[in-house]
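What follows is calculated from the coordinates using simple rules that are stated; it is not laboratory data. Computed from a prediction, not measured in an experiment: that's the story for all the values here. Don't worry about glycine lacking a Cβ; one is built from the backbone with ideal geometry, like all the others, and counts go over all protein chains shown.
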Amino acid sequence: MLKKRDLHPPRAHQHHNASSPSLRTAHDFSFLPPSLRPFLPLTVPVPSFVTVVQLLFAVGIILFMQRLQIVPPDPLESSKVKPYLVYTVAFVLGVYCNMRALSHSNVETVIIFRSCTPLAVALCDSIFLGRELPSRRSCLALLTIAAGAYGYVQTDSQFKMDGLAAYSWAILYFVTICFEMTYGKKITSGVRFNSMWGPTFYTNFLSVTPMFCLGYVMGDFQDFSLMEGGSGAGGGKAWVWTTAGLVMLAVTSVVGTLIGYTGWSCRSLVSATTFTLVGVINKFITILLNVFIWDKHASPLGILALVLCLVGGSFYQQAPMRAVDKPLGVDVFSKLGKQMEAEEYAEGGGKDVGAIEAVPLIMSTEGGRKGGGGEKQVPVGAV
């Protein structure tokens, strides 16, 4: 994509530190959500710049499709920008916490914390989003994934936690991911768009500025130059464009836009826990593919641990939504609805009468009407 001359490769087990911001960021950005970081090349000298380009491409292509009326328009509105701005801040904060955690430990450490997020999101699903707690089978599946992740990192010689700072940033990353997944499902259900291209446009547009600032703060642009023959701030050779790099940038931009759309579509159809689990399993599949495609071979025990994670994910079952709580008087409304329907049917000489006006949130969904085939709904004011 971009090629830097006289760039010495790091040692195999070199830790990410402040002296190598670009290498650290390239490693860290492999943990970004798939909507922003698909199919990274093996060498990405300025990953935050590539990310900003992909974000701008997504924004541009969505506006272009709206202009041609291929997709319905979803212009920026303050009532929608505010909740999605909170989501964007949480996303960028998660990236930053990821970077800080990796600066004190390594990728394997983050894998463990990331693999445990479905357990916490399952509780958030029940507390904030109205779902039942996971069944025993689903809890066992989630615990199996966490155990498999732990087993995998134990087979890696680089696994370690370096002091309290590593725990602090890893825990903050864990909390941020849980909030991001829960809040993302919340706004998907509560904020209405004309199509799923709407949230895709909002998240990409609102992420451009903070992602650029994050790359600047982390020193990602320290030695960046588009002028061939120049030199960076550290005295190194300038970055130069390559044809293969430009092709890869274009391909990943298109794929990233499509994955962003399908990601929000998937989030709207499943629970927050299921969506979080899909992300975790996706990472393990990526690791497994790397084992077979590239020369980064894992031990037999490591491969077995990855397979255990995939098996655990296959046994997970999405928790259903909770029924309306008993204190709201659902049973009373149900019985009253049946009684009123019978009286109206009798007064009408056996003919069906109009449906009773429905009041959202508190209603009966039992006893279908004979003529309409829909669900009978009884208002609060009917009591």
A chain fully extended from T242 to V254 at 0.36 nm per residue, minus the present Cα-Cα distance, gains in nm 2.4 nm
Residue-wise, which Karplus ³J(HN,Hα) couplings in Hz belong to the range 184-201, taking 6.51 cos²θ - 1.76 cosθ + 1.60, θ = phi - 60°, and x for glycine or proline? x, 5, 4, 6, 5, 7, x, 9, 9, 10, 6, 7, 6, 6, x, x, 5, 5
Find, among the trypsin sites (Lys or Arg not before Pro) in the range 240-320, those assigned to loop by DSSP (not H, G, I, E, B) with at most 16 other beta-carbon atoms within 10 angstrom. K296
Points 7 angstrom from Cα along the Cβ direction at R192 and F128: gap in nanometres? 2.4
Note: probe point = Cα of Y150 + 7 Å toward Cβ; backbone nitrogen < 13 Å; residues of the range 100-123 passing the test are 112-113, 115-116
Pop a pseudo-label 7 angstrom from the Cα along the beta-carbon direction at both Y216 and C139 and give the gap in nm to one decimal. 4.9
